[in-house]
1. For segment 178-208, which residues satisfy the criterion of being assigned to a helix (DSSP H, G or I) and touching a residue at least 40 places away in the same chain (Cβ under 8 Å)?
2. Within segment 116-152, restricting attention to residues that are assigned to a loop (DSSP other than H, G, I, E, B) and touching a Lys or Arg at 6+ places or on another chain (Cβ under 8 Å), which residue is surrounded by the fewest Cβ atoms within 10 Å (Cβ to Cβ)?
3. Starting from residues that are under 16 Å from CYS69 (Cβ atoms) and of a type in the set (Ser, Thr, Tyr), keep the ones in segment 236-265 and report whichever is least open to solvent (accessible area, probe 1.4 Å).
4. Looking only at segment 78-115, which residues are modelled with pLDDT of 95 or more, open to solvent by 30 Å² or more (accessible area, probe 1.4 Å) and either part of a loop (DSSP other than H, G, I, E, B) or among the β-branched types (Val, Ile, Thr) (or both)?
5. So which residues in segment 26-59 are assigned to a helix (DSSP H, G or I), of a type outside the set (Val, Ile, Thr) and in contact (Cβ under 8 Å) with a residue 12 or more places away in the chain?
6. For segment 41-59, enumerate the residues that are at pLDDT below 90 and either of a type in the set (A, V, I, L, M, F, W, C) or open to solvent by 80 Å² or more (accessible area, probe 1.4 Å) (or both).
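The values are calculated or read from the model by the stated rules, or taken from the named source; none is laboratory data. Note that this is a predicted model, so its numbers are computed, not measured. Note that each Cβ is placed from the backbone with ideal geometry, even for glycine, and that neighbours are counted across all protein chains shown. We work out accessible area using only protein heavy atoms, side chains counted, and drop any ligands, DNA or RNA first. Shrake-Rupley method; radii C 1.70, N 1.55, O 1.52, S 1.80 Å.
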Amino acid sequence: MKEKDISVKRVLIINTLAIIVATAIAIILHAIVPGTGDLNIADFDSIFVKLFGFPVVAVSYFVLLFLHCVLVMRYFGKRSIMTKLQIGFRFGIVFAALYMVGMQEVVVEASPFNEWGLAFVNFQFFMGISDALPALLLCLVTAYLTLSNKNTSSTWQVLNLIEKMKVVALISITILIARAIGYETGLINSNIDTFPIPAYLWTIVFGVVLGCCYTVLYPIFDSGKNKSLLSYKLVVVTIGLNWIIFNSFIGLIFSGVMYQMLLRSGIDIAVFFIASIIIQRYILKSDIRAS
């Protein structure tokens with residue numbers, strides 16, 4: 001089936017239904033996570049919750065988050081020479097990884113716990129799964145049903161092991177430096193004073209995950225015709241915007257924290273983008289890479 005043979009109406013129907021189902025799955029999974037009952041809905045005091053109620057805010061958030069997943073996966077995926085299942089899996093695993101690591105950020109105030117520990121990690125793990133699994137399934141299903149079959153005999157460029165190591169190292173180091181400056185200056189609110197080791201360990205893991213996400217998505221964007229905006233499309237439009245939407249949930253339910261959530265995620269992506277430009281210019285200079 002070629003892309004032109006897939007009607008716009010069919011694509012819209014499939015994507016809409018898939019987003020609705022993914023949202024429902026995410027909400028159900030969140031509801032059954034052990035410890036969710038300890039959350040006090042009355043603590044959610046944002047203007048959005050007061051105006052529309054928490055259920056509407058939660059549903060709207062998931063719809064927006066998953067809509068972005070589908071839009072970037074389809075827009076950039078259909079311009080890639082990779083097979084549709086490979087495209088769906090790569091986008092899905094990247095978004096899933098973002099949510100899993102994002103949920104583990106040491107922000108105890110946003111959880112039912114008063115301190116960081118095994119209970120916090122366990123609770124946030126299952127909360128992350130509740131976001132990650134629907135996103136992965138969403139990308140796989142929509143890619144399979146709405147993207148065209150690609151010529152499987154085609155090859156695409158992938159990063160070799162040395163390049164991957166350099167990419168992950170540079171991104172993780174720059175993220176760590178930027179976050180450390182933010183923590184120590186108070187620009188980024190954190191639990192660094194009370195739980196410094198977990199906070200910095202999470203920051204290191206977060207940088208490594210961002211680097212891995214870059215290497216996973218790189219072949220999709222590198223196989224496109226226009227590579228001049230590769231860093232912008234991969235880092236800002238795809239990973240960056242999704243990370244910002246993901247972080248905005250806390251701002252949607254708690255009063256007075258939206259600015260902080262947008263600031264920290266904005267700093268993350270700005271630093272990530274700068275690192276990606278350096279990577280494109282100085283690390284991935286060779287046009288000859290493993291296929």
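1. ALA178, ARG179, GLY182, PRO198, ALA199, TRP202, VAL205, PHE206, VAL208
2. By that ranking, first place goes to ASN149.
3. Among them, the one singled out is THR238.
4. Matches in segment 78-115: ILE93, GLN104.
5. ALA26, LEU29, HIS30, ASP38, ASP43, PHE48, PHE54, ALA58
6. ILE41, ALA42, ASP43, PHE44
Yes or no, residue by residue, for (1) modelled with pLDDT under 95; (2) out of contact with any helix residue (DSSP H, G or I) (no Cβ under 7 Å at 6 or more places or on another chain):
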position: SER153; (1), (2): yes, yes
position: GLN157; (1), (2): yes, no
position: GLU163; (1), (2): yes, no
position: VAL167; (1), (2): no, no
position: ILE171; (1), (2): no, no
position: ILE177; (1), (2): no, yes
position: ILE181; (1), (2): no, yes
position: ASN191; (1), (2): yes, no
